[in-house]
1. With respect to Tyr197, determine if the residue is surrounded by fewer than 19 Cβ atoms within 10 Å (Cβ to Cβ) and either modelled with pLDDT of 85 or more or touching a helix residue (DSSP H, G or I) at 6+ places or on another chain (Cβ under 7 Å) (or both).
2. Could you please let me know if Asn12 is closer than 30 Å to Phe221 by Cα, modelled with pLDDT under 95 and loosely packed, with under 14 Cβ neighbours inside 10 Å?
3. Being touching a Lys or Arg at 6+ places or on another chain (Cβ under 9 Å), modelled with pLDDT of 80 or more and under 26 Å from Val259 (Cβ atoms), is that true of even one residue in segment 161-169?
4. What's the number of the condition Ser83 fails, among (1) surrounded by fewer than 16 Cβ atoms within 10 Å (Cβ to Cβ); (2) within 21 Å of Thr141 (Cβ to Cβ)?
5. With the requirement that a residue be in a helix (DSSP H, G or I) and touching a Ser or Thr at 6+ places or on another chain (Cβ under 6 Å), what does segment 75-124 give you?
6. Is it fair to say Ile245 is under 20 Å from Met132 (Cβ atoms), at pLDDT below 85 and outside the structural domain of Asp122 (by TED's automatic domain parsing)?
7. Checking the condition free of Cβ contacts under 8 Å to residues at least 24 places away in the same chain and closer than 21 Å to Thr54 by Cβ, which residue from Ser107, Ser96, Ser143, Ser133 passes?
Amino acid sequence: MAENLRVSRFNNGDIIPNIVNDSVWANTNDPAWCWFNNDSINYAFAGKLYNYYTVSDQRNVCPQGWSVPSYNDFFELVNFLDSLHPNNVGIVLKDSVGWPNPAHNGSNIYGFNGTPNGYRWDLGYFGNDSMMSFCTTTQDTSSLPNYYYFSVRGDTNYILPDGLYSTHPNFGDAIRCKRTVSLSNDLDLENSSISVYPNPTKENINISIDNFNGNIQTEVFDFIGNRLQLTNETTISLKNYSKGIYVLKVAYGDRVEEVKVIKD
């Protein structure tokens, strides 16, 4: 998604309680959400904050076809972006406007639209609206019941070591849902028969599958998981797309494989 979650119900329609009181927030063992500073006027742009009980609930807080990212999802994201933009991962994730200090605005070249959403401490009070902070589904097994969250401070360009920190399940963060495709290159080049070329590309990408003459279907997703096109062609035009990272989800025979491509 290109923005933080704002829902107040699970996917099945069940209500997620809005907890305003600090003490109630600190002592609940149930799903809950709030606005930063309990202010829906000035912080609506940043989405809602949710505790880990919401994230871990099997009813799924994200829309159908989307899910809350794991520790590995964010770890993979940071490492992949750092390979393209060394020491500048924070810059490319942050929005180009909206940070309290204009000097902390980013380039937003992939449309992640990272805005400062702040967080809510596990004791119920609020902290630091000059950072973006996101829930993950992954618990810290060395310090249960803690879980990991991903954050970028306004004054941070490079995320050290990977932006992932352990915290109490009553800690409240934003949620950035991901579509169920991966940014990783899941293609095992030693065992797969798929080739995509040229990669990087300035315009077209070609798909070739060894020893397969049947129909193929390819979905093209952008960096944040939005599906851009569905095609049965083996030459796909990226001409009208912005520079960045795209994911091809290729279905052929009884197999489905994903591979990332870079548009220069």
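The values are calculated or read from the model by the stated rules, or taken from the named source; none is laboratory data. Worth saying up front: this structure is predicted, and the values here are computed from it rather than measured. Please note: Cβ atoms are built from the backbone with ideal geometry, for glycine as well, and neighbour counts cover all protein chains shown.
1. Working: surrounded by fewer than 19 Cβ atoms within 10 Å (Cβ to Cβ): yes; either modelled with pLDDT of 85 or more or touching a helix residue (DSSP H, G or I) at 6+ places or on another chain (Cβ under 7 Å) (or both): yes.
Yes; evaluated as a whole, the condition is true for this residue.
2. Values: closer than 30 Å to Phe221 by Cα: yes; modelled with pLDDT under 95: yes; loosely packed, with under 14 Cβ neighbours inside 10 Å: yes.
When the stated conditions are applied, Asn12 passes them.
3. So the first thing to find is which residues in segment 161-169 are touching a Lys or Arg at 6+ places or on another chain (Cβ under 9 Å), and the list is none.
Within segment 161-169 (the criterion being touching a Lys or Arg at 6+ places or on another chain (Cβ under 9 Å), modelled with pLDDT of 80 or more and under 26 Å from Val259 (Cβ atoms)), the answer is no, since none of the residues qualifies.
4. The one condition Ser83 does not meet is (2).
5. Taking segment 75-124 as the starting set, the residues that turn out to be in a helix (DSSP H, G or I) are 75-84, 89-93, 102-104.
Glu76, Gly90, Ile91, Val92 - these are the residues of segment 75-124 that are in a helix (DSSP H, G or I) and touching a Ser or Thr at 6+ places or on another chain (Cβ under 6 Å).
6. Working: under 20 Å from Met132 (Cβ atoms): yes; at pLDDT below 85: yes; outside the structural domain of Asp122 (by TED's automatic domain parsing): yes.
Against the criterion (under 20 Å from Met132 (Cβ atoms), at pLDDT below 85 and outside the structural domain of Asp122 (by TED's automatic domain parsing)), Ile245 qualifies.
7. Ser143
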